[in-house]
Amino acid sequence: GTGADNDLYISQAIVFIEDAIQYRSINHRVDFKSLWLYRWYYSRTCQCILSLTITVILALAFIEKPSSLTVTSDVRHRLPAWNPPCGLTESIELLCFLVFMVDVSVKSYLVGWEEFWKNKWLMAYILTLIVSLTDWIVSLSFFCAENVRIRRILRPFFLLQNSSMMKKTLKSINSTLPEMASVVLLLAVHLSLFTMFAMLLFARTKDGQQDKEWVVYFRNLPESLTSLLVLLTTANNPDVMIPAYSKNRAYSIFFILFTVLGNLFLMNLLTAIIYNQFRGYLLKSVQSSLFRRRLGIRAAFEVLSSLKETPANAQQSYVSVGALLQVLQKVEMDSRCKQGIMGSLKICSCDQLSAAQFQKLFEELDKDAIRQHPPSPEYQSHFMQKMQFAFGHPYFGYLGNVVALANIISICVVLVIDADKQPSERDDFFLGAINCFFILYYLLEMLLKILAMGLKRYLSYPSNRFDGLLTVILLVLEIATFSVYGFPHPGWRPEFMGLLSLWDMVRLVNMFIVFRFLRIIPNMKFMALVVTTLLDLVKNLRAFAGILVVVFYAFAITGIMLFKGAVVPPGNARPKHFFFFFLFQTSFYIKEVVVLYFKEKCDFMALFYGHFQAEIICCIFCLLSVNLICRWAKIYFVAWWLISSVIWVNLFVALLLENFIHKWDRRCHREPVSDIEYQRTVELIDVLEEPTEEELMEKLHQHPHLHLCR
């Protein structure tokens, strides 16, 4: 019994420490079988399989009928897309559903029956699977000929429920909705009042020639509301005002008041309210993560202190160093952290660790060694030492930046001179010659830096890796150009040869040269600060971006079902002027029925609904700024505008400000560090509050499956 208990305590401590490393909840079963199943479920293999399954089921929308496997989205030019036979994608779906059923079964078992009924996400997970499987069976019974597939709209839920950060972000957004609803209601009142005023101001008169404003924009209540709603986005500004303004300049006061109150006050007020609600979002999120980590470490300490190695008369709990070493050998953690903890244990002369000492050891998890740059080579020759000093000096890097700037200026001059020339009139000699010169300089600069710093130290800097990679690519492209078209000379305009023409090769080289100019960013303090801050924001906003993907996907699938077949390519029997009857609105005009002339306007057909990829481009990115509204689908597009442009964009701005302001303040006040730099993996560690022992013990005593002795 004692040996089995000790093995169980060791296994529990291993799992609790791994939970702390990954910021996972410790509220799960802790018996032998459950711990083995838990570690298997969170193993890299199982999580990769689950992530791959989610990716596959989301990607099915690109190949399902209507398929996106075409070069162009334009219905006039694209060839018939390959559509998978009935049963192919359905079989893949079934395999994905089987993986999800195993996933939800394991999760439900591990949390326990009582916790399962409290977990709304797990219940929603099961309900989504039931509905999806039912719809899958219905689809097969109709031989895949049904138009509405409910399970496709539900697919983003699998992505959402698999991320704890996305669920936490969604919960925070949900708590902000009441405040957002009040401002949206105020916007609705503003829109309604001005709609009434517009219908009164621009009512129909006896003179039909003076009623252009009424005819085009304010004929009835729905059209008036739509016109002002679009004006709120500024998409039809100033077009909506032009007919009335042409009649009387005083009418401009109405539109100015509407725009100022709606755009400058109410929309920005919405941003301010959302930012105020999210101002502590990042801090609360990281505080919660820190609490989970500390709780996991304390749980590991408590179970290890229950081993039969602690003296019976001890007034305080202790953990033996030997037991901790046994646990550390089996825990999956970063080798650097494990070595750091091992090193601290060797320095410590005691055989027993208190709770405070135990917690202090695992603060190594909060550190992340950024980089230790290898030393530069030591040359014996006095000449080589001077070379190393000269080409390893920062001024040599500044000289490279000046040369890169000169290269960009020369390319701009050539492009301006040749902008209006026909390809046959263009002489690529000058551009080819200067490209050759600068690429040779870049190669020489790279080799001299490697000579001064050594290859390992040179590659340890990201800016050098970026610089060296582009230099090698430019050199390969230049060699390929010379091998096909020869060396530059006056009148260098050879005919098309190989995969790319000479002009295409030169343009490709120039694009890489322009891209290489980004090397100056690390040398400009504030520019580097902005760029690195934005790169850090990408990591911190992954959960928010994931929820955005969920919304995009759901609206895109809904758009496919609503607008499939709405646009038909013109056939040979159609008239020369092809008519599309829908409400078409751009920044130039908005009308109820627009006649699009086939030769002039049909380029927009590439953006129309038909398959998933076109749906994403049209419905999402075009409509994000309100560019296209179908007359009979206003509800769909207005709903998307409210969620994307009104709510989601403001949420993104609020989160961006929260992250950016904090990171800007931290970086501006951060002191320079040595070659070995450390940063906290838990952001905001300086301002976070460490949980007290009472809080940790209270939470541990509430554990549904762990029963502590004290």
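The values are calculated or read from the model by the stated rules, or taken from the named source; none is laboratory data. These figures come from a predicted structure and were not determined experimentally. Using ideal geometry, Cβ is built from the backbone for each residue, glycine included, and neighbour counts are taken over all protein chains shown. Just so you know, the surface numbers come from the protein's heavy atoms only, side chains and all, with ligands and any DNA or RNA stripped out. Shrake-Rupley method; radii C 1.70, N 1.55, O 1.52, S 1.80 Å.
Table for the structure above
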{"quantity": "For Gln47: the one exception among (1) more than 23 Å from Ser289 (Cα to Cα); (2) surrounded by fewer than 16 Cβ atoms within 10 Å (Cβ to Cβ)", "calculated": "(1)"}
{"quantity": "Residue in the range 16-34 that is part of a helix (DSSP H, G or I), closer than 21 Å to Ala323 by Cβ and among the small types (Gly, Ala, Ser) present", "calculated": "yes"}
{"quantity": "Sole exception among (1) outside the structural domain of Val509 (by the TED database); (2) under 30 Å from Pro488 (Cα atoms) for His373, by number", "calculated": "(2)"}
{"quantity": "Selection count, the range 326-340, where residues are open to solvent by less than 50 Å² (accessible area, probe 1.4 Å) and within 34 Å of the chain's Cα centre (by Cα)", "calculated": "5"}
{"quantity": "Unmet requirement for Ala235, which otherwise passes all of (1) in a helix (DSSP H, G or I); (2) open to solvent by less than 40 Å² (accessible area, probe 1.4 Å)", "calculated": "(1)"}
{"quantity": "Extreme residue, nearest to the chain's Cα centre (by Cα), among residues of the range 208-236 that are touching a residue at least 60 places away in the same chain (Cβ under 8 Å) and under 17 Å from Gly262 (Cβ atoms)", "calculated": "Thr233"}
{"quantity": "Filter result (farther than 20 Å from Gln316 by Cβ, open to solvent by less than 50 Å² (accessible area, probe 1.4 Å) and either assigned to a loop (DSSP other than H, G, I, E, B) or out of contact with any strand residue (DSSP E or B) (no Cβ under 9 Å at 6 or more places or on another chain) (or both)) within the range 343-375", "calculated": "Gly343, Ser344, Glu364, Leu365, His373, Pro374"}
{"quantity": "Every residue from the range 427-460 that is open to solvent by less than 60 Å² (accessible area, probe 1.4 Å) and over 26 Å from Cys412 (Cα atoms)", "calculated": "Leu448, Lys449, Ile450, Leu451, Ala452, Met453, Gly454, Arg457, Tyr458, Ser460"}
{"quantity": "Selection count, the range 376-390, where residues are open to solvent by 100 Å² or more (accessible area, probe 1.4 Å) and closer than 18 Å to Glu445 by Cβ", "calculated": "2"}
